[in-house]
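Shown next, in structure tokens, is the structure this report addresses.
The values are calculated or read from the model by the stated rules, or taken from the named source; none is laboratory data. Source: prediction; values computed, not measured. With ideal geometry, Cβ positions are generated from the backbone for all residues, glycine too; neighbour counts draw on all protein chains shown. Just so you know, the surface numbers come from the protein's heavy atoms only, side chains and all, with ligands and any DNA or RNA stripped out. Shrake-Rupley method; radii C 1.70, N 1.55, O 1.52, S 1.80 Å.
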Amino acid sequence: MIQIFPTLVYWIMFLLFAGELVLLLLKKDTIAKWFRHLEILTCLAGVLFIVFVTGRPPLFGPFEACVYIIFVVVLLARGCTGNVFLVNSIVVLLILALVLGKPMAVNDDYYMYDNIWVMLFFDLRLVAAAFFVHVMVLHLTCFFEGFREKAVLLKQARHKILVGALIYLCGEWSGSVWCLNWFGDSWQWSNGFFKASLLFVLVMIVCHMPPAFGNNRLIRTLSGSLPGIFALWMIFYH
């Protein structure tokens, strides 16, 4: 049962989000709301399963990262209304598609996973990625909303991306302490450091968009989506 539970959670999540998408397209908002409750419970079951089996929070790997990111994304969407849930379902289904065919299992135990700085580095990176994905959802939703609703969404997106950036920097700081304890140096130039820096630059572009570009809906949406897309690419492929 323990071996098949991750696969079971994955497919239940897939069916629930696909069902919610269909219900929202059919304007069955009341029934879709119940699906959202089941989605949270299913993701929570997956997260608790990881904690129970491994004795640590989710860190990395297809199953752990997928369930944890989606869990946080769904929680962040709870306070939203309108077309946000429609876009959120589509984005979550795309995340599930990213890990389709990959091993659905928790990571094997490793001695470094007992180190608090290691756990914080990986765990906070997943939480920050979830915030960036949620910001992407808010920007994409702007395509379906009017001027007033768009202004509200962009304001929410700005607040959420700043929180995500703070969480991300806390994770990077934890990684720096881990590096200091391991190599005796708090900074190491590497591909990983370059990608981490590039993600932060993408976040700063969203926060400091010049008015000439910020008023363009397409440019605003693309720039607001890049941190989430890059974070997912970095976690699931590199």
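If contacts are Cα pairs under 8 angstrom and at least 6 residues apart, what is the relative contact order of region 75-158 in percent?
Numbers: 35 pairs, mean separation 31.0, N = 84.
Over region 75-158, the number comes to 37 percent.
Under 30 Å between alpha carbons, and skipping anything fewer than 8 positions from LYS28 in its own chain: which lysines qualify?
In chain and number order, the partners are LYS150, LYS155, LYS160.
Would you work out the relative contact order for region 61-107, in percent, from Cα pairs under 8 angstrom that are 6 or more residues apart?
So the answer I get is 72 percent.
What's the magnitude of the charge dipole for the chain around its Cα centre, counting Lys and Arg as +1 and Asp and Glu as -1 at the beta-carbon? Answer in Debye, nearest 20.
So the magnitude is around 940 debye.
Considering the dipole of the chain built from charges on the beta carbon (Lys and Arg +1, Asp and Glu -1) around the Cα centre, which of LEU154, MET136, PHE52 is farthest to its positive end?
Checked the options; the winner is LEU154.
Enumerate the helices in the chain for which the Kyte-Doolittle hydropathy averages 1.0 or more and the C-alpha atoms extend at least 27 Å along the helix's axis, using complete DSSP H runs.
What comes out of the filter, once short or polar helices are dropped, is 5-25, 29-54, 116-141, 217-236.
How would you rank 126-137, 161-172, 84-95, highest first, on the average number of other Cβ atoms within 10 Å across their residues?
Going from most to least packed, we get 126-137, 84-95, 161-172.
Report, in deg cm²/dmol and to the nearest 500, the calculated mean residue ellipticity at 222 nm for the chain, where each DSSP H run with n ≥ 4 adds -39500 (n - 2.57) and the sum is divided by the residue count.
-26500 deg cm²/dmol
Before I look further, what does the chain give for accessible area per residue, probe 1.4 Å, in whole square angstrom?
Accessible area per residue, the chain: 52 Å².
Can you match Cα Rg over 2.2 N^0.38 Å to one of these, (i) 1.14; (ii) 1.09; (iii) 1.03, based on a calculation from the structure here?
(iii)
Using the crude model of +1 on Lys and Arg Cβ and -1 on Asp and Glu Cβ, and no other charge, please compute the dipole size for region 1-138 relative to its Cα centre, in debye to 20.
The calculated dipole for region 1-138 is roughly 460 debye.
Taking only C-alpha pairs under 8 Å that are 6+ residues apart, what is the relative contact order of the chain in percent? Let's see the in-between values first.
Working: 273 pairs, mean separation 48.4, N = 238.
Computed over the chain, the figure is 20 percent.
Heavy atoms only, 1.4 Å probe, whole protein assembly: order TYR237, TYR10 by accessible area, highest first.
TYR237, TYR10
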